[in-house]
Amino acid sequence: MMYPHRPMQNVSPALAANLGLARQQNTKMKSLFSEINERQQTVLKKLGPDILILPADAALSEISRFRQGSNFFYLTGFPEQGAMLLIDPNETSGAVHLFVRENTEKEQVWDGFTMGAAKAAEVCPADQVHHIREFEAFISNRLKGRRVHYQAANGHPCGKLIAKAIEEQGAEVLKKSEVFDAIIDMRMVKSPLEIELMRRAILITGEAHHACMRAGTRHRMEYQFEAEFEYACKMQGVLHFAFGHIVAAGNHGTCQHYIENDGPVGEDDLVLLDAGAVWKGYCADLTRTFPASGKFSPIQRDLYEIVLASQKSGLEKVAPGVCMIDIHNHSAAVLIDGLKELGLMKGDTEELIESLAYKEFWPGALCHSLGIDVHDVLLDGYHKGDKPLEPGMVITVEPGFYSQAFNQEIPEAFREIGIRIEDDVLVTEDGYENMSVDTVKEIADVEAMVQSGK
């Protein structure tokens, strides 16, 4: 049975929360509903006579907390697994069709409850909402000779029948197309509602970083800081995290994506914590580095000040019309000049940037996009410098210093040190806003925060 869209009413608090809204925020719920509908209409205009088939993600395992696929979430707001979105401009009953699962009584005993088609029709923008079992009949003969914009989802229960229908009906499948580019283009620039959700994710993440700093002199294992971070986030209602936490003490901090988090924390170690909460589908991504003792050593202080200066210079460069590669190079120049003062690098700064010689100490990139995904989507050209930033984009600014044990070219006292400082930044009409400005990073503030937990 299909359910046409009807006005929202009797939405449970749990359901409202799944859609990223609390019951008392009815105005925001309507705003999200309208916003998603506008996104669908943009896609519809791009389709022309073509069809879009967009599957929801499937659960990673039978017993796991599910997080919706990014594009599906963006175009539906629907939180459950195994669903399907189909947009067909030729359909007389309306172009936008959502197909959802509905657990049987037996499935409810083991797997819990689903929203079902009737409730989904109340809260999700769609012309028609159907039970997923109707999907096979719905696409029968619909794809014949047409272009289908479709990216398969691993493990989706309808995957095989879609593949069969495409083959039997001679449809042309487009895995990359102007339609998917249009979705990326929309996702790159955040709406006021999306920015509000990101602010909450960033605020919770910053408070969790502070909790870890205050525990700095008490915890002596990396996994204890990981537990501290998760506890602080989950006590604020966080259900998902943007990525696997990086809690790297001592020389572990020299690995860009260290995720074991099972090592000891020495009293004189620096702790590099790179972690982010997800709030109602939107990610934060912050990194802070702090001394476990509550006091930076002279060498740690010198290096930290250089990274901090590099980070601040990158922040000041963020503005509409500026390319990420130019911000990166500006920040790299400050880092290089600081390392030259310490005798860790030699030569002309511009030549060192051109030759990428500084990558020995900072192999990563300064910026990436942030949103529904921690490395959110960008159209080709943004990282390479072919396309400039636009107002409404959210990016990270995260320089670092990483000196490996095998680097025999620098004094031993400077080896096996990892430092990264990362903020989440909104590109505004006339510059930038540091959305994580309240998370401390000045040396005196970091030391005071760690020492306050003694």
Exercise. Quick check: is even one residue across the range 209-230 of a type in the set (Ser, Thr, Tyr) and assigned by TED's automatic domain parsing to the domain that holds ASP262?
Worked result: yes
Problem set entry | Breaking point among (1) crowded, with 16+ Cβ neighbours inside 10 Å; (2) over 30 Å from LEU32 (Cβ atoms); (3) not acidic (Asp, Glu), for ARG220 | (1)
Exercise. Are any of the residues in the range 161-184 of a type in the set (S, T, N, Q), in the same structural domain as THR428 (by TED's automatic domain parsing) and modelled with pLDDT of 95 or more?
Worked result: no
Problem set entry | Top-ranked residue in the range 370-408 [being more than 25 Å from GLY69 (Cα to Cα), touching a strand residue (DSSP E or B) at 6+ places or on another chain (Cβ under 8 Å) and among the aromatic types (Phe, Trp, Tyr); ranked as surrounded by the fewest Cβ atoms within 10 Å (Cβ to Cβ)] | TYR402
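Quick grid of which residues meet (1) in the same structural domain as GLN68 (by TED's automatic domain parsing); (2) over 29 Å from GLU196 (Cβ atoms); (3) at pLDDT below 95; (4) not small (Gly, Ala, Ser):
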site	(1), (2), (3), (4)
ASP262	no, yes, no, yes
LEU273	no, no, no, yes
ALA277	no, no, no, no
LYS280	no, no, no, yes
LEU286	no, no, no, yes
PRO291	no, yes, no, yes
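Let's see how each residue does on (1) modelled with pLDDT of 95 or more; (2) in contact with a Phe, Trp or Tyr (Cβ under 6 Å, 6 or more places away or on another chain); (3) not assigned by TED's automatic domain parsing to the domain that holds HIS240:
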residue: ARG65; (1), (2), (3): no, no, yes
residue: GLY69; (1), (2), (3): yes, no, yes
residue: LEU85; (1), (2), (3): yes, no, yes
residue: PRO89; (1), (2), (3): yes, no, yes
residue: SER93; (1), (2), (3): no, no, yes
residue: VAL96; (1), (2), (3): yes, no, yes
residue: PHE99; (1), (2), (3): yes, yes, yes
residue: LYS106; (1), (2), (3): no, no, yes
Seminar exercise, completed: When (1) more than 25 Å from ILE166 (Cα to Cα); (2) assigned to a loop (DSSP other than H, G, I, E, B) are applied to SER93, the one that fails is (1)
For this session: Among the numbered conditions (1) in a helix (DSSP H, G or I); (2) touching a residue at least 60 places away in the same chain (Cβ under 8 Å), tell me where TYR231 comes up short.
Result: (2)
Exercise. Only one residue in TYR382, TYR402 is among the aromatic types (Phe, Trp, Tyr), within 24 Å of PHE296 (Cβ to Cβ) and in contact (Cβ under 8 Å) with a residue 24 or more places away in the chain. Which one?
Worked result: TYR402
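With respect to LYS280, determine if the residue is of a type in the set (Lys, Arg), surrounded by fewer than 18 Cβ atoms within 10 Å (Cβ to Cβ) and either in contact with a strand residue (DSSP E or B) (Cβ under 6 Å, 6 or more places away or on another chain) or in contact (Cβ under 8 Å) with a residue 40 or more places away in the chain (or both).
So LYS280 does not fit the description; no.
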Seminar exercise, completed: Quick count over the range 149-176, residues being surrounded by 18 or more Cβ atoms within 10 Å (Cβ to Cβ), under 28 Å from the mean Cα position of the chain (by Cα) and closer than 18 Å to ASP50 by Cβ, is 2
Exercise. Are any residues in the range 214-228 free of Cβ contacts under 8 Å to residues at least 40 places away in the same chain and touching a helix residue (DSSP H, G or I) at 6+ places or on another chain (Cβ under 6 Å), and if so, which ones?
Worked result: GLU228
Exercise. Given ILE336, ILE372, which one is part of a helix (DSSP H, G or I), modelled with pLDDT of 95 or more and not polar (S, T, N, Q)?
Worked result: ILE336
Exercise. Is it the case that ALA211 is touching an Asp or Glu at 6+ places or on another chain (Cβ under 6 Å), without any contact (Cβ under 8 Å) to a residue 40 or more places away in the chain and under 18 Å from LEU286 (Cβ atoms)?
Worked result: yes
Exercise. Across the range 133-186, what is the number of residues that are in a loop (DSSP other than H, G, I, E, B) and not β-branched (Val, Ile, Thr)?
Worked result: 20
For this session: Could you tell me whether VAL247 is assigned by TED's automatic domain parsing to the domain that holds GLU194, under 25 Å from SER452 (Cβ atoms), at pLDDT 95 or above and crowded, with 16+ Cβ neighbours inside 10 Å?
Result: yes
For this session: Kindly list, by first and then second residue, each pair from a residue in the range 424-446 that is in the same structural domain as THR289 (by TED's automatic domain parsing) to a residue that is part of a loop (DSSP other than H, G, I, E, B) and among the charged types (D, E, K, R), limited to pairs with Cβ atoms under 7 Å and residues at least 6 apart or on different chains.
Result: ASP424/ASP285; VAL427/GLU390
Exercise. Counting just the residues of the range 347-364 that are in a loop (DSSP other than H, G, I, E, B) and surrounded by 14 or more Cβ atoms within 10 Å (Cβ to Cβ), which one comes out nearest to the chain's Cα centre (by Cα)?
Worked result: GLY364
Exercise. Are any residues in the range 375-405 touching a Pro at 6+ places or on another chain (Cβ under 8 Å) and either under 18 Å from THR289 (Cα atoms) or not in a loop (DSSP other than H, G, I, E, B) (or both), and if so, which ones?
Worked result: TYR402
Problem set entry | Pick from the range 190-228, criterion of a type in the set (Gly, Ala, Ser) and not in a loop (DSSP other than H, G, I, E, B), ranking: nearest to PHE290 (Cα to Cα) | ALA211
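The values are calculated or read from the model by the stated rules, or taken from the named source; none is laboratory data. Please read all numbers here as calculations on a predicted model, not as lab measurements. All Cβ positions, glycine included, derive from the backbone under ideal geometry; neighbour counts span all protein chains shown.
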